[in-house]
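Okay, so here's the structure we're looking at.
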Amino acid sequence: MTEETYSEKIMSRSIDPAALEMLARAEELGFETAWDRLEAMLPQCGFGELGICCRNCNMGPCRISPFEEEGPKVGVCGATADIIVARNLIRMIAGGAAAHSDHGRDIAHTLLLTAEGKGGGYEIKDEAKLKALAAEYGIETEGRSKEEIALDLARAVYAEFGKQEGPIQFTRRAPEKRVALWQKLGVDPRGIDREIVEIMHRTHIGVDNDPVNLILQGIRASISDGWGGSMIATELSDVLFGTPTPIRSRANLGVLKADEVNIVMHGHEPTLSEMIVAAAQDPEMIALAERYGAKGINVVGMCCTGNEVLMRHGIPIAGNFLQQELAVITGAVEAIIVDVQCIMPALGALSGCFHTKLISTSPKAKFPGATHIEFHEEHAYDIAKEIVRTAVENYRFRKPGQVHIPDEKTECMVGFSVEAIVAALGGTLDPLLEAIKSGAIRGIGAVVGCNNPKIQHDYGHVRLLEELIKNDVLIVTTGCNAIAAAKAGLMLPEAAEQAGEGLKGVCQALGIPPVLHMGSCVDISRILVACAAIANALGVDISDLPAAGAAPEWMSEKAVSIGTYVISSGVFTVLGTVPPVLGSPVVTELLTQGANDVIGAVFAVEPDPFKAAKLMIDHIEEKRAALGI
Ligand code: BF8
């Protein structure tokens, strides 16, 4: 089959040729994917879509009638639509902030074990960053070993989670004006766990019933994610695994190899994927693979853990969120190894139709149909080897007739940590500031987030990016947007040809792509650090910068937390799918208008990427005018 022969239904699902090819194959073979399940779900619950269904106590479930005349206007307890929507929304923030922050906690745990000499194969790779972080925490570094410093740092960071009174240290990286604003509003977070727990408390039946007060707590918890849990995950990952620097690799399902053992690493925490990458290079494992007739072991990534090893080792990435099932349907995957977050439970049953083994590893995340090999950092390398061995031994069960790997694999240049960007600029931010002031670069677009089958796969991401760079907006990206950009060829210096004249000139002078890969979703903290540095250099707040954010295909609770901390940091953000808030006039007005007067930024919702780009560009131009540049 070729694209010309695909049905309209298939063509409406993705713009990625590899995804289309596998979707057509799935249909031909009768395998169900997330797109089919969404179709079967339609029409989706209107109450849920508007956010006006409450299940917080067993007098309910209650649902508010959105229509003027008929139906209940309050729940059994008397909660209005505004209260219910606000409670539901901040519970989403709690879920997202918890996921990111627990990831950060796990990395802190790994650093602690490594410092104590109990990490089963980990080492401290970036000593300079270790010392810089120690200095931020006021930890003595002179004359001390890196393990001694790391032990103190791990303990100090651990304490951020359970603190009863703030501040969380990394929040002090924000411009002074921003911190002062947070303090004035009472949203400067205390401990990370405390803010999440307080959301669960306040949303219990009969506690906080003021929609604005509820949203303020959502803001506080989201800041403890972006400038707390997520930033901890990023910074300590750099200490342990190295701070990313530019590196070339390839992206899309074509990175799977017909004659090698294919291992797909899917999930989020680099503690596992780093060790799998190392274990797959073990001569014993390679010899074993050859004994089973494979030419080698091919480790590839998927989603954010894929971004982590892509950025640090150039490990190819097989795809973003909606491609996880498609990877299995290639019939060429010996093992899909997962830890936490964004892993579809559908993978178990689907893997069962192939020889593929779904291997779960986290005590926090078990899946139907999975083989569970529990991962513990103390024995990391040995367990990783066992997992790799399981994958290699599975190669002999591959059914050649089932194998179908698309050709697509696009070259990309990734690894733009803040440190790498500053290095590319010659050691200071000045050339970037000059380019912004001169107008060669009109502004910065932070485009991030998931895939969602409600939006044609990658369409929202790629069209928005193309439109922004055409208008001289330099892009920083993470997560599944970054993977979409890599697959679309936008992460090559040559992609500067598609940019406007100003941005093109800057990219060509520096040898960088117009779309910069800054990592996984916790690495949106890198974007915050970059924004703070630029704002400080200009002597303004983040909300004054010619910058705008977007999450064109978002779907997860993590994305709700991200969006909230991004606007709470002062960056206007356009969402491509509608959040479940439209049932509340108060919450909708607050998030799309009122927040401007409070935190200096708002959300807009715009599914059309061309219109979304226009909103972002207009915002950037307004900010330029206000700055007089
Ligand atoms: O944390 S972008 S689908 S993979 S939630 Fe998930 Fe969304 Fe992808 Fe990474 Ni982020």
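No value in this document is a laboratory result; all are computed from the given coordinates. Worth saying up front: this structure is predicted, and the values here are computed from it rather than measured. Every residue, glycine as well, gets a Cβ built from its backbone with ideal geometry; the counts of neighbours run over all protein chains shown.
Give the Debye-formula value of log10 I(q)/I(0) at each listed q (0.10, 0.17 Å⁻¹), with one equal scatterer per alpha carbon of region 253-402, two decimals each.
-0.27, -0.86
Among rounded, prolate and oblate, which fits region 81-241 when a ≥ b ≥ c are the square roots of the eigenvalues of its C-alpha gyration tensor, a/c under 1.5 means rounded, and a/b larger than b/c means prolate? Don't jump to the answer; show the numbers that get you there.
Values: a/c = 3.04, a/b = 2.02, b/c = 1.51.
Prolate is the answer for region 81-241, as a/c is 1.5 or above and a/b outweighs b/c.
Ratio of region 489-549's C-alpha Rg to 2.2 N^0.38 Å, to two decimals?
Its radius of gyration relative to the 2.2 N^0.38 Å reference: 1.27.
What's the center-to-center distance, using Cα atoms, between region 87-143 and region 447-472 in Å?
31
Would you please calculate the Kirkwood hydrodynamic radius of region 2-78 over all C-alpha pairs and express it in Å, rounded to one decimal?
15.7
First select every other residue whose beta carbon is under 9 angstrom from the beta carbon of Q164; then total the charges, Lys and Arg +1, Asp and Glu -1.
Here the charged neighbours net out to +2.
Quick one: D225, D106, D126, fewest Cβ neighbours within 10 Å first, how do they rank?
Final ranking by Cβ density, sparse to dense: D126, D106, D225.
Rounded if a/c is under 1.5, else prolate if a/b is larger than b/c, else oblate: which is region 419-627, with a ≥ b ≥ c the root eigenvalues of its Cα gyration tensor?
Oblate shape, in that a/c is at least 1.5 and b/c is the bigger or equal ratio.
How big is the equivalent ellipsoid of the chain along its three axes, where each semi-axis is √(5λ) from the Cα gyration tensor, reported in whole Å from largest to smallest?
Taking √(5λ) for each Cα gyration eigenvalue gives 35, 30, 27 Å.
Per-residue counts of other Cβ atoms within 10 Å, averaged by peptide: what ranking do you get for 460-469, 314-323, highest first? Provide the component values of the computation, followed by the final result.
On the way: 460-469: 26.1, 314-323: 28.3.
Highest-to-lowest ranking by the protection proxy: 314-323, 460-469.
How high is the relative contact order of the chain, given as a whole-number percent (alpha carbon pairs under 8 Å, six or more residues apart)?
Value for the chain: 17 percent.
Quick one: length gained pulling K454 to N596 fully straight, 0.36 nm per residue minus the C-alpha distance?
Working: separation 142, 0.36 × 142 = 51.12 nm, distance 2.86 nm.
Additional length available on full extension: 48.3 nm.
All other residues with a Cβ under 15 Å from the Cβ of A423 taken together, and with Lys, Arg as +1 and Asp, Glu as -1, what is their net charge?
-2
With Cβ to Cβ distances under 14 Å as the rule, what net charge do the other residues near T410 carry (K, R +1; D, E -1)?
-2
How much length is gained on full extension from M59 to K470, taking 0.36 nm per residue of separation minus their Cα-Cα distance?
142.5 nm
Would you pull out the residues with amide H under 5 Å of K357's amide H, same chain only if 5 or more places away, H placed 1.01 Å from N?
It is A335, I336, by chain and number.
Taking only C-alpha pairs under 8 Å that are 6+ residues apart, what is the relative contact order of region 419-627 in percent?
23
Quick one: Cα centre-to-centre distance for region 262-323 and region 385-425, in angstrom?
5
Students often get this wrong: which residues of region 140-183 have the backbone nitrogen under 14 Å from the point 7 angstrom along Cα-to-C-beta of E127?
141-150
For a test of the definition: using alpha carbon positions, the gyration tensor, and the 1.5 limit on a/c, classify region 19-125 as rounded, prolate or oblate.
Oblate, since a/c reaches 1.5 and b/c is not below a/b.
Quick one: go through region 87-105 and flag any residue whose amide nitrogen is under 20 Å from the point 7 Å out along the Cα-to-Cβ line of V197.
Under cut-off, by backbone N: 90-105.
Farthest toward the dipole's positive end in the chain, which of C342, N471, G369, given Cβ charges of +1 (Lys, Arg) and -1 (Asp, Glu) about the Cα centre?
Of the candidates, G369 comes out farthest on the positive side.
By per-residue mean of other Cβ atoms within 10 Å, what is the highest-first order of 134-145, 612-623, 511-522?
511-522, 612-623, 134-145
Which value does Rg/Rh take for region 564-629 over its C-alpha atoms, Rh per Kirkwood?
Answer for region 564-629: 0.99.
Which FRET efficiency, nearest 0.05, do K399 and E290 yield, Cβ-Cβ r, R0 22 Å?
Computed FRET efficiency for K399 and E290 comes out at 0.60.
Counting other beta carbons within 10 Å of each residue's own, what order do S65, S525 fall into, fewest first?
Sorted ascending by nearby Cβ count, the order is S65, S525.
Considering the zone a paramagnetic label at E165 would reach in this model (a point 7 Å from Cα along the Cα-to-Cβ line), which residues of region 182-221 have amide N under 15 Å from it?
189-191
Full extension from E501 to R172: what is 0.36 nm times the residue separation minus their Cα-Cα distance, to one decimal in nm?
114.7 nm
What is the fewest-to-most order of T171, T371, T361 by other Cβ atoms lying within 10 Å of their Cβ?
Placing the least packed residue first, the sequence is T371, T171, T361.
What is the set of long-range amide H partners of A604 at a cut-off below 5 Å, with H atoms built 1.01 Å from backbone N?
T573, V574, L575
So how far, in whole Å, is the C-alpha centre of region 181-247 from the one of region 565-629?
20
What lysines could a cross-link reach from K614, if we take a straight Cα to Cα line under 27 Å and drop same-chain neighbours fewer than 8 places away?
Within the straight-line limit of under 27 Å, K614 reaches these lysines: K437, K454, K470, K487, K504, K558, K623.
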